[in-house]
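Working notes for the structure below.
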Amino acid sequence: MLPVIRPAELAPMIVLGIESSCDETAAAVVADGREVRSSVVASQTAVHHPYGGVVPELASRAHIEAIGPVVEQAMADAGLSPEAIDGVAVTRGPGLVGCLLVGFCFAKAWAYGRGLPWVGVDHLEGHLHAVMLAADAPPFPFVALLASGGHTGVYYMEGPRRYTLLGQTRDDAAGEAYDKVAKMLGLGYPGGAVIDDLAGRGDAERIVFTRPYLDKTQFDFSFSGLKTAVHRYIQTHPDTYRTDQADIAAGFQAAVVDVLVHKLLHAAAVHNCPRVVLAGGVAANGGLRARLTAEAAAAGIAAHIPPLAFCGDNAAMIAAAGYHHLQAGCRGALTDDVYSRNTRPLPAAGPTDCR
Ligand code: KG4
Ligand code: ZN
């Protein structure tokens with residue numbers, strides 16, 4: 001497979017990114033994996049809110065309705081016609097199969113019909129590239145914490161397409177714990193932003209929950225015990241838990257943030273790495289952003305946090321990651337299928353491999 005050679009003096013490589021792995025239909029146009037020309041995200045929150053979680057069948061149908069208009073909007077916002085696109089990057093997995101298929105098939109057809117190269121991108125790899133869209137994008141290497149609704153892990157990133165998974169959750173993801181605690185408190189779906197907001201008004205020291213550090217020297221996580229502790233607190237305080245909501249949220253958030261920040265900075269210290277990165281929907285958390293910024297500064301480590309718009313699911317991050325695969329000569333095949341689980345761990349990718 002021949003790499004695409006584009007000398008720096010040539011025009012930038014313009015990639016159309018498409019994302020539909022869960023409950024956001026998104027498209028974006030990104031130049032050289034860094035410069036966002038447009039980013040459109042159509043959220044399905046209103047569709048799923050009444051059910052307290054994502055309903056896969058409804059999500060797939062909503063993607064089908066949204067995908068065409070969202071891609072057209074991204075092209076219009078970028079002020080480009082399809083002829084200006086050099087390649088297409090689309091989320092291949094992990095995620096909900098019915099949802100993934102909508103974006104994946106759309107992208108295949110969009111690229112094939114125009115004779116353009118296209119490539120499938122791992123959703124987690126996309127999140128890890130969101131920080132590259134920030135004005136102060138970090139140089140490699142860095143240690144990254146990816147905390148989303150489906151995943152929580154720490155990665156050592158030596159360069160584009162070169163990752164090592166250092167540790168991950170043994171049970172619930174951090175975002176999943178947020179969503180479940182919000183549901184227990186009757187705050188609806190999704191719960192992260194609501195709990196974050198409540199926590200800002202509560203006393204984090206009044207109701208203290210255990211910190212699931214597991215082995216403090218390793219980089220794995222566990223959030224299911226913390227979730228159960230909140231559940232037990234609610235059950236044993238039936239008369240007061242509603243009025244104490246802000247303190248419960250603050251206590252829960254303090255426990256999550258403690259563990260995430262501790263593990264990330266510890267991983268940076270062990271790998272003698274001077275910079276860390278946040279990624280995933282939970283990276284939008286105000287408490288986490290503030291604590292990491294302060295503690296990293298105190299430890300002499302640079303903390304890079306993506307802009308809020310690129311923490312949750314979006315297609316700009318998929319275009320940013322896909323750019324490197326396209327540059328390396330990786331190409332999707334029409335027979336390629338999506339994958340629902342994280343069965344293709346990122347470390348499997350080497351700088352010259354295509355998956
Ligand atoms: O990355 P993402 O958009 O989707 C997945 O790949 O899972 O992450 C969604 C998760 C949800 O669990 C949501 O509750 C959480 O990110 N989240 C937050 C915040 N905003 C979103 N968690 C904590 N604080 C927030 N401000
Ligand atoms: Zn995501």
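Under 7 Å by Cβ, and 6 or more places apart or on different chains, what pairs join a residue from the stretch 219-248 that is assigned to a helix (DSSP H, G or I) with one that is of a type in the set (Ser, Thr, Tyr) and surrounded by fewer than 17 Cβ atoms within 10 Å (Cβ to Cβ)?
Final answer for the pair search is GLY225/THR210; LEU226/THR210; ALA229/THR210.
Does LEU166 qualify as being assigned to a strand (DSSP E or B), touching a helix residue (DSSP H, G or I) at 6+ places or on another chain (Cβ under 6 Å) and more than 16 Å from ligand 1 (Cβ to nearest atom)?
For LEU166, the condition - assigned to a strand (DSSP E or B), touching a helix residue (DSSP H, G or I) at 6+ places or on another chain (Cβ under 6 Å) and more than 16 Å from ligand 1 (Cβ to nearest atom) - is met.
I need the strands (runs of 3 or more DSSP E) fully contained in the stretch 47-160, keeping only those with at least 1 residues that are open to solvent by 40 Å² or more (accessible area, probe 1.4 Å) and away from ligand 1 (no atom under 16 Å from the Cβ). Outline the logic, then answer.
Numbers: elements: 87-93, 118-122, 142-147, 152-159.
Output list reads 152-159.
Table: residues versus (1) under 24 Å from ARG206 (Cα atoms); (2) touching a residue at least 12 places away in the same chain (Cβ under 8 Å); (3) open to solvent by 10 Å² or more (accessible area, probe 1.4 Å).
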| site | (1), (2), (3) |
| --- | --- |
| ALA255 | yes, yes, no |
| ALA268 | no, yes, no |
| HIS271 | no, yes, yes |
| ALA279 | no, yes, no |
| ALA284 | no, yes, yes |
| LEU288 | yes, yes, no |
| ALA294 | yes, no, yes |
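Confirm whether GLN245 is open to solvent by 30 Å² or more (accessible area, probe 1.4 Å) and closer than 26 Å to GLU158 by Cβ.
The answer is no for GLN245.
In the stretch 259-308, what residues are away from ligand 1 (no atom under 13 Å from the Cβ), in a loop (DSSP other than H, G, I, E, B) and more than 22 Å from ASP215 (Cα to Cα)?
Matches in the stretch 259-308: PRO274, GLY300, ILE301, PRO307.
Note down all Cβ pairs under 6 Å where the first residue falls in the stretch 185-210 and is within 14 Å of ligand 1 (Cβ to nearest atom), the second is in a helix (DSSP H, G or I) and among the β-branched types (Val, Ile, Thr), and they're at least six residues apart or on different chains.
Between residues of the stretch 185-210 that are within 14 Å of ligand 1 (Cβ to nearest atom) and residues that are in a helix (DSSP H, G or I) and among the β-branched types (Val, Ile, Thr), the close pairs are LEU187/VAL194.
Output the number of the condition that THR228 fails; it satisfies all remaining conditions of (1) closer than 18 Å to ALA147 by Cα; (2) open to solvent by 40 Å² or more (accessible area, probe 1.4 Å).
(1)
Can you tell me which of ALA173, ALA130, ALA134, ALA147 is within 15 Å of the chain's Cα centre (by Cα), closer than 21 Å to GLU19 by Cβ and more than 16 Å from ligand 2 (Cβ to nearest atom)?
Numbers: ALA173 fails: more than 16 Å from ligand 2 (Cβ to nearest atom); ALA130 fails: more than 16 Å from ligand 2 (Cβ to nearest atom); ALA147 fails: more than 16 Å from ligand 2 (Cβ to nearest atom).
Selected residue: ALA134, the only one of ALA173, ALA130, ALA134, ALA147 that is within 15 Å of the chain's Cα centre (by Cα), closer than 21 Å to GLU19 by Cβ and more than 16 Å from ligand 2 (Cβ to nearest atom).
The values are calculated or read from the model by the stated rules, or taken from the named source; none is laboratory data. Model, not experiment: these values are computed from the prediction. Note that each Cβ is placed from the backbone with ideal geometry, even for glycine, and that neighbours are counted across all protein chains shown. We work out accessible area using only protein heavy atoms, side chains counted, and drop any ligands, DNA or RNA first. Shrake-Rupley method; radii C 1.70, N 1.55, O 1.52, S 1.80 Å.
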